[in-house]
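Working notes, beginning with the structure itself.
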Amino acid sequence: MLKNYKYDKKPVDYAWNILNSIHPGEWQTVIDTKKMNLYFRSDLRKEVKTIAISKLDFSKNAAVKYLDIHTDEKGTVNRCFQNLTLVKNNQYVEKGFPIGYDNKEFGTSLIFEKLKKNIVKFFENILPES
C-alpha cells in the first residue's frame, strides 16, 4: 500500500486506511512529522485524538507527564496530560503489565514480581511520590 501511495495531501488518512486494513490492534498511532502531530486511538476509544508534539515541554526540568490512552476527550488532548507520580506509575504497572500476555500466569509469576520491583526502583529516582 505504501508503494501505491500517491501524495494527495491526506497522508494521515491514508496511514489510518493502512492500519485499518491490517489489524485494528489494542492501540494505534500515526505521526505527521511535518505538522508535528501524533494521532492515536485505542481499542476502548476508537475516536482519533491528537497530541500537538510541538506544544509539549521537553525541557530538562519539565515534569514527567502521562496521558491515559483510553481518554474520553476528543480532538487535541494536550491539556489532558497529568503529572506522573510514583503512585500513579505503580498503579499502571500493576494494572497494565499482565494484560495482553499469552501466558495467563505471568501476572502472578516471580518474574513479574521482580520486574515490578525493578520498575518501581527505577522510577523512585525520577518521580515524586504523589
Residues within segment 26-56 that are open to solvent by less than 50 Å² (accessible area, probe 1.4 Å), in contact with an Asp or Glu (Cβ under 7 Å, 6 or more places away or on another chain) and free of Cβ contacts under 8 Å to residues at least 24 places away in the same chain, tallied: 1
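Mind listing just one residue for me: the one in segment 57-67 that is free of Cβ contacts under 8 Å to residues at least 60 places away in the same chain and exposed (fewer than 14 other Cβ atoms within 10 Å of the Cβ) and, of those, nearest to residue 89 (Cα to Cα)?
Here is the first cut: in segment 57-67, the ones free of Cβ contacts under 8 Å to residues at least 60 places away in the same chain are 57-63, 65-67.
After this cut, where a residue has to be exposed (fewer than 14 other Cβ atoms within 10 Å of the Cβ) as well, the list is 57-63, 65.
Numbers: 57: 20, 58: 19, 59: 21, 60: 20, 61: 19, 62: 17, 63: 14, 65: 10 Å.
Among residues in segment 57-67 that are free of Cβ contacts under 8 Å to residues at least 60 places away in the same chain and exposed (fewer than 14 other Cβ atoms within 10 Å of the Cβ), the one nearest to residue 89 (Cα to Cα) is 65.
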Number of the condition not met by residue 29 [criteria: (1) among the β-branched types (Val, Ile, Thr); (2) modelled with pLDDT of 85 or more; (3) out of contact with any Lys or Arg (no Cβ under 9 Å at 6 or more places or on another chain)]: (3)
Among the residues listed as 101, 14, 92, the single one being open to solvent by 50 Å² or more (accessible area, probe 1.4 Å), modelled with pLDDT under 90, out of contact with any strand residue (DSSP E or B) (no Cβ under 9 Å at 6 or more places or on another chain) and not in a loop (DSSP other than H, G, I, E, B): 14
Residue selected from segment 68-85 under the condition open to solvent by less than 40 Å² (accessible area, probe 1.4 Å) and part of a loop (DSSP other than H, G, I, E, B), by the criterion nearest to residue 36 (Cα to Cα): 77
Selection count where residues are modelled with pLDDT under 85 and open to solvent by 50 Å² or more (accessible area, probe 1.4 Å), scope segment 116-130: 5
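So which of 2, 19 is in a loop (DSSP other than H, G, I, E, B) and farther than 30 Å from residue 121 by Cα? Lay out the reasoning, then the answer.
Working: 19 fails: in a loop (DSSP other than H, G, I, E, B).
2 is the lone residue from the list that is in a loop (DSSP other than H, G, I, E, B) and farther than 30 Å from residue 121 by Cα.
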Where residue 40 falls short, out of the listed (1) under 22 Å from residue 92 (Cα atoms); (2) part of a loop (DSSP other than H, G, I, E, B); (3) not aliphatic (A, V, I, L, M): (2)
Which listed residue is closer than 30 Å to residue 11 by Cα and not in a loop (DSSP other than H, G, I, E, B), from 51, 111: 51
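The values are calculated or read from the model by the stated rules, or taken from the named source; none is laboratory data. Quantities reported herein were computed from a predicted structural model and do not represent experimental measurements. Cβ atoms come from the backbone with ideal geometry, glycine included; neighbour counts cover every protein chain shown. Please note that ligands, DNA and RNA were not included when accessible areas were found on the heavy atoms of the full protein model with its side chains. Shrake-Rupley method; radii C 1.70, N 1.55, O 1.52, S 1.80 Å.
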